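Engineer: The structure's right below; bear with me while I get my questions together.
The values are calculated or read from the model by the stated rules, or taken from the named source; none is laboratory data. Since we're looking at a predicted model, the values are computed, not measured. Cβ atoms come from the backbone with ideal geometry, glycine included; neighbour counts cover every protein chain shown. Ligands, DNA and RNA are excluded from the accessible area calculation, which covers all protein heavy atoms including side chains. Shrake-Rupley method; radii C 1.70, N 1.55, O 1.52, S 1.80 Å.
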Amino acid sequence: MAKRKIRRIGILTGGGDCPGLNAVIRGVTKPALDHGLKVFGILDGFEGLVEGKAQELYNKDVSGILATGGTILGSSNKGDPFHWPEEQNGKLKIVDRSNDALKNYNAWNLDVLIAIGGDGTMYIANRLSQMGIKFIGVPKTIDNDLYATDQTFGHDSAVFVVSEALDRLHTTASSHHRVMVIEVMGRYAGWIALNGGLAGGADIILIPEIPFEWDVIYDKVSMRHMMGKRFSIVCVAEGAKPIDGKMITKARDKKRTDPIQLGGIGEFVAKKITHNTGLETRFTVLGHLQRGGSPTPYDRILSTKFGTNAIKLAIKGQYGKMVALKGTEIKSVKIVDAISKQKLIRTNDQAVLSACAVGVSFGIEKI
Ligand code: F6P
């Protein structure tokens, strides 16, 4: 039986923003308009779906946005319809507003919703699809931790920022014979630290997947100092932890889809190095600089490929699928498979092996 022709699509950007979101919105909208479809941009992620906030998108809205950071639609990591924070009598209550999401989807007469987001967004999309909302997913996140795609868009831009920061830290570290510790994002995965550290020539890379030993770090920086090296650079993922310790949590916020806000390991590592080696150490937390600004050319291209293929899937009626990069090709995978597990770094990853081959330490004796 021929699939019913779609006429109206919705598009939303969920979770934390990243460079390339606008390029995807453009990549979806331009071909959709050419096909005679109406496109509705849902504002502020799932929050807009629950609260009924959307605007129709025209060519003029998506023109000239390829290189701009952020998202023209707005985003939120507090808008989970199944976990909706509401103040009641001065107290925070978590309520289920998924029915409101469904009501708005039906009221807008949407045939399909393109959800651009990370694991949280795909998880919500999967649950809403069980209530009847049709979804196509597009994998976004600087963290690159989404399973079932070789790379998410946004990651390359974050890696670029880290590598540039490391270049800058190298020169000042070298002038002062210092150890420089840089803390980067990535949540429970170390992709940003690994790829950024490798690109920026870090001497030590600490990632959540490989819990580290303090003594190995002290020995490495002390040895470099003794050999007359003028600096040591440590690139630490926010989720990295010592073998006998835990990840450092900066704050908790029940309103967020993931209540845990990581942060603080960079400062901790820097203090421990100074205390145990006597070497002068400074730390830098790169923070949201990794998420802001213009996407790299790689991310612009990947985002455009993802967007244009997502609308193709929608037109073909391939609901419940997410576009994914497999090697050099854009394929589709089931959203439910994409959220089945997290993509973490394995010790036999080529980047880990190459880093070891050029003398980078992961804070343990042997990988
Ligand atoms: O998932 C993207 C990310 O930037 C993580 O790397 C980081 O832990 C988190 O979001 C920060 O979230 P927020 O912007 O809400 O502080």
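Engineer: When you look at Arg346, is it more than 26 Å from Gly239 (Cα to Cα) and open to solvent by 50 Å² or more (accessible area, probe 1.4 Å), yes or no?
Structural biologist: Values: more than 26 Å from Gly239 (Cα to Cα): no; open to solvent by 50 Å² or more (accessible area, probe 1.4 Å): yes.
Here the answer is no, as Arg346 does not meet what is asked.
Engineer: Wholly within segment 16-113, which helices (runs of 4 or more DSSP H) include no fewer than the required count, namely at least 3 residues that are buried (at least 23 other Cβ atoms within 10 Å of the Cβ) and at pLDDT 95 or above?
Structural biologist: Here the list reads 21-34, 46-51.
Engineer: Does segment 170-199 hold any residues that are surrounded by fewer than 24 Cβ atoms within 10 Å (Cβ to Cβ) and in contact with a strand residue (DSSP E or B) (Cβ under 8 Å, 6 or more places away or on another chain), and which are they?
Structural biologist: Passing the criteria: His170, Thr172, Ala173, Arg178, Tyr188, Ala189, Leu198.
Engineer: Take Tyr123 and tell me if it is closer than 30 Å to Leu286 by Cβ and at pLDDT below 95.
Structural biologist: Working: closer than 30 Å to Leu286 by Cβ: yes; at pLDDT below 95: no.
In short, no.
Engineer: Can you name the residue in segment 11-26 that is more than 12 Å from the ligand (Cβ to nearest atom) and in contact with a helix residue (DSSP H, G or I) (Cβ under 7 Å, 6 or more places away or on another chain) and, of all such residues, is farthest from Gly70 (Cα to Cα)?
Structural biologist: Of the residues in segment 11-26, the ones more than 12 Å from the ligand (Cβ to nearest atom) are 11-13, 20-26.
Keeping just the survivors that are in contact with a helix residue (DSSP H, G or I) (Cβ under 7 Å, 6 or more places away or on another chain) gives 11-13, 20, 23-26.
Values: Ile11: 15, Leu12: 13, Thr13: 10, Gly20: 8, Ala23: 10, Val24: 11, Ile25: 11, Arg26: 13 Å.
Out of the qualifying residues, it is Ile11.
Engineer: Which residue, of Ile142, Ile72, is over 20 Å from Ile339 (Cβ atoms) and aliphatic (A, V, I, L, M)? Quick ask: steps written out before the conclusion?
Structural biologist: On the way: Ile142 fails: over 20 Å from Ile339 (Cβ atoms).
Testing whether each residue is over 20 Å from Ile339 (Cβ atoms) and aliphatic (A, V, I, L, M) leaves just Ile72.
Engineer: Which condition number does Arg256 fail, the rest of (1) more than 20 Å from Gly197 (Cβ to Cβ); (2) touching a residue at least 24 places away in the same chain (Cβ under 8 Å); (3) more than 16 Å from the ligand (Cβ to nearest atom) being met?
Structural biologist: (3)
Engineer: Another question, then. For segment 232-249: of the residues being more than 16 Å from the ligand (Cβ to nearest atom) and within 12 Å of Ile205 (Cα to Cα), which is surrounded by the most Cβ atoms within 10 Å (Cβ to Cβ)?
Structural biologist: Across segment 232-249, the extreme among qualifying residues is Val234.
Engineer: Kindly provide the set of residues from segment 118-150 that are open to solvent by 40 Å² or more (accessible area, probe 1.4 Å), in contact (Cβ under 8 Å) with a residue 60 or more places away in the chain and part of a loop (DSSP other than H, G, I, E, B), ordered by number.
Structural biologist: Lys134, Tyr147, Asp150 - these are the residues of segment 118-150 that are open to solvent by 40 Å² or more (accessible area, probe 1.4 Å), in contact (Cβ under 8 Å) with a residue 60 or more places away in the chain and part of a loop (DSSP other than H, G, I, E, B).
Engineer: Take the residues in segment 259-289 that are over 23 Å from Ser163 (Cβ atoms) and touching a Phe, Trp or Tyr at 6+ places or on another chain (Cβ under 7 Å); name whichever of them is nearest to the ligand (Cβ to nearest atom).
Structural biologist: For segment 259-289, the residue satisfying everything is Lys272.
Engineer: Please determine, by comparing only the residues of segment 126-167 that are among the aromatic types (Phe, Trp, Tyr) and under 13 Å from the mean Cα position of the chain (by Cα), which one is farthest from Ala107 (Cα to Cα). Break it down into steps so the answer makes sense when it comes.
Structural biologist: Narrowing segment 126-167 to residues among the aromatic types (Phe, Trp, Tyr): 135, 147, 153, 160.
Now restrict to residues that are under 13 Å from the mean Cα position of the chain (by Cα): 147, 153.
Numbers: Tyr147: 33, Phe153: 31 Å.
The extreme case among them is Tyr147.
Engineer: Also: Considering each of Ile114, Ile124 in turn, give the residue that is farther than 18 Å from His288 by Cβ and out of contact with any strand residue (DSSP E or B) (no Cβ under 6 Å at 6 or more places or on another chain).
Structural biologist: Working: Ile114 fails: out of contact with any strand residue (DSSP E or B) (no Cβ under 6 Å at 6 or more places or on another chain).
Of Ile114, Ile124, the one residue that is farther than 18 Å from His288 by Cβ and out of contact with any strand residue (DSSP E or B) (no Cβ under 6 Å at 6 or more places or on another chain) is Ile124.
Engineer: For residues that are among the hydroxyl-bearing types (Ser, Thr, Tyr) and more than 15 Å from the chain's Cα centre (by Cα), scanning just segment 297-343, find the one that is most open to solvent (accessible area, probe 1.4 Å). It would help to see each step written out before you state the result.
Structural biologist: Initial filter on segment 297-343 (among the hydroxyl-bearing types (Ser, Thr, Tyr)): 298, 303-304, 308, 319, 328, 332, 340.
Narrowing further to those that are more than 15 Å from the chain's Cα centre (by Cα): 298, 304, 308, 319, 328, 332, 340.
On the way: Tyr298: 95, Thr304: 40, Thr308: 48, Tyr319: 72, Thr328: 124, Ser332: 47, Ser340: 76 Å².
Applying the filter and picking the extreme gives Thr328.
Engineer: Any chance you could count how many residues in segment 52-69 are among the hydroxyl-bearing types (Ser, Thr, Tyr) and farther than 16 Å from Ile42 by Cα?
Structural biologist: Our first condition is that a residue be among the hydroxyl-bearing types (Ser, Thr, Tyr); within segment 52-69, this holds for 58, 63, 68.
Imposing the further condition that a residue be farther than 16 Å from Ile42 by Cα reduces the set to 63, 68.
The number of residues fulfilling the criteria is 2.
Engineer: Taking the conditions exactly as written (surrounded by fewer than 18 Cβ atoms within 10 Å (Cβ to Cβ), touching a residue at least 12 places away in the same chain (Cβ under 8 Å) and within 30 Å of the chain's Cα centre (by Cα)), does Gly264 satisfy them or not? Spell out the reasoning first.
Structural biologist: Details: surrounded by fewer than 18 Cβ atoms within 10 Å (Cβ to Cβ): yes; touching a residue at least 12 places away in the same chain (Cβ under 8 Å): yes; within 30 Å of the chain's Cα centre (by Cα): yes.
So Gly264 passes the test.
Engineer: Being closer than 29 Å to Gln350 by Cβ and either part of a loop (DSSP other than H, G, I, E, B) or away from the ligand (no atom under 16 Å from the Cβ) (or both) is the filter here; which residues of segment 175-194 pass it? Break it down into steps so the answer makes sense when it comes.
Structural biologist: First pass over segment 175-194, keeping only residues closer than 29 Å to Gln350 by Cβ: 179-194.
Of everything in segment 175-194, those that are closer than 29 Å to Gln350 by Cβ and either part of a loop (DSSP other than H, G, I, E, B) or away from the ligand (no atom under 16 Å from the Cβ) (or both) turn out to be Val179, Met180, Val181, Met185, Gly186, Arg187, Tyr188, Ala189, Gly190.
Engineer: Mind checking which residues of segment 279-296 are in a helix (DSSP H, G or I), in contact with a helix residue (DSSP H, G or I) (Cβ under 8 Å, 6 or more places away or on another chain) and open to solvent by less than 50 Å² (accessible area, probe 1.4 Å)? So that I can check it myself, show each step before the final result.
Structural biologist: First pass over segment 279-296, keeping only residues in a helix (DSSP H, G or I): 287-290.
Filter once more, so that each one left must be in contact with a helix residue (DSSP H, G or I) (Cβ under 8 Å, 6 or more places away or on another chain): 289-290.
Hit for segment 279-296 is Gln290, nothing else.
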